[in-house]
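Reviewing the structure listed below.
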Amino acid sequence: MGVILMIVAAIAVAVALAIVVVKFLPLKFRWIVSLVLLFLAVFLAYKIYDGIMKPINFDKEKTKRFAKVIKNLKIIRDAEVAYYEVNGNYTKDKQLLIRFIDTAQRAIVENRDTVVKVNKGSKWQPVMVDVEKKIKDTIGYESILQDFKDRDYKNMFSVPGIEGKEFDLEVGKVEKVAGLEVPVFEAKTEKEAILKGMDRSLVKLEKEAITTDQIKGEYVSVGSLVEVTTGGNWPPSYDKGDAKKKDQ
């Protein structure tokens with residue numbers, strides 16, 4: 001809006017100068033007006049260019065900053081999911097989660113089908129029937145650490161680009177169906193802190209984002225304390241790198 005008003009004002013000034021030149025200004029002074037109009041044209045071109053490029057450059061920079069933040073949030077999510085697989089709940093103890101990655105193991109389970117005899121009759125008149133049954137066997141253990149190879153999990157709670165700031169981490173329970181509560185977790189940090197130093201008006205718009213191709217709301221987060229999910233609030237475009245790695 002500010003750029004549009006400036007353009008309108010510049011056009012009005014140019015028109016006013018043109019009228020003054022034609023009606024009142026002697027010929028020998030018209031070169032001065034020409035210089036003013038030239039300056040005005042250059043200034044106008046710059047403001048138009050700046051008005052177009054500012055949001056484009058903002059989007060490029062915010063995407064770079066958000067991508068680094070999301071990379072750490074994905075590590076936190078994978079750590080919490082692994083912790084849940086082993087312990088049946090999540091944890092908000094950050095140091096405990098790091099130690100868990102370093103030391104814990106998960107069971108390697110093999111599912112197999114077997115046939116067992118089941119009495120479909122009575123105690124006095126047994127009727128033995130073959131019934132197929134699924135059995136889970138623990139055939140070994142594997143280190144959780146192998147899932148975090150080449151990932152900086154030791155610093156996963158540090159918010160990239162912000163000295164001394166860590167992600168907020170909370171756990172809770174959500175009633176999935178009547179009478180059944182399910183553990184949940186959420187890790188998040190404020191967009192405003194990530195975008196510090198950038199254009200204030202564009203940061204304000206970013207915090208109000210609601211479209212599917214944007215990170216919605218005031219935070220960049222993974223998990224939720226109000227619904228059962230381990231997903232993040234970012235759009236699929238931030239997961240393209242992960243998809244490429246899986247294909248390779």
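Remark: the Ala178-Val81 segment gains 32.5 nm on full extension, using 0.36 nm per residue and subtracting the alpha carbon distance.
For region 56-247, what is the percent of antiparallel DSSP beta bridges, rounded to the nearest 5?
On the way: 31 of 31 bridges.
If I count the DSSP bridges inside region 56-247, around 100 percent turn out antiparallel.
Overall, the ratio between the Cα radius of gyration of region 115-248 and 2.2 N^0.38 Å, rounded to two decimals, is 1.73. Region 113-152 and region 44-88 have Cα centres spaced 44 Å apart. Annotation for Thr229 and Val36: the two label points, set 7 Å from Cα along the Cα-Cβ direction, are 5.9 nm apart.
Note on Lys117: aspartates and glutamates with a C-alpha under 14 Å away, same-chain residues under 8 apart excluded, are Asp130, Glu132.
Find which of Ile144, Ser237, Ile210 sits farthest along the positive direction of the dipole of region 56-247, computed with +1 on the beta-carbon of Lys and Arg, -1 on that of Asp and Glu, about the Cα centre. Farthest along the dipole direction, towards plus: Ile144. Label positions at Ile162 and Glu192, each projected 7 Å from the Cα along the C-beta direction, are separated by 1.1 nm. Modelled this way, with points 7 Å down the Cα-to-C-beta line, the labels at Val109 and Lys94 are 3.2 nm from one another.
Read-outs: derived from the displayed coordinates by stated rules, not from any lab. From a predicted model like this one, the values you see are computed outputs, not experimental measurements. No Cβ is skipped: glycine too gets one built from the backbone with ideal geometry, and neighbour counts run over all protein chains shown.
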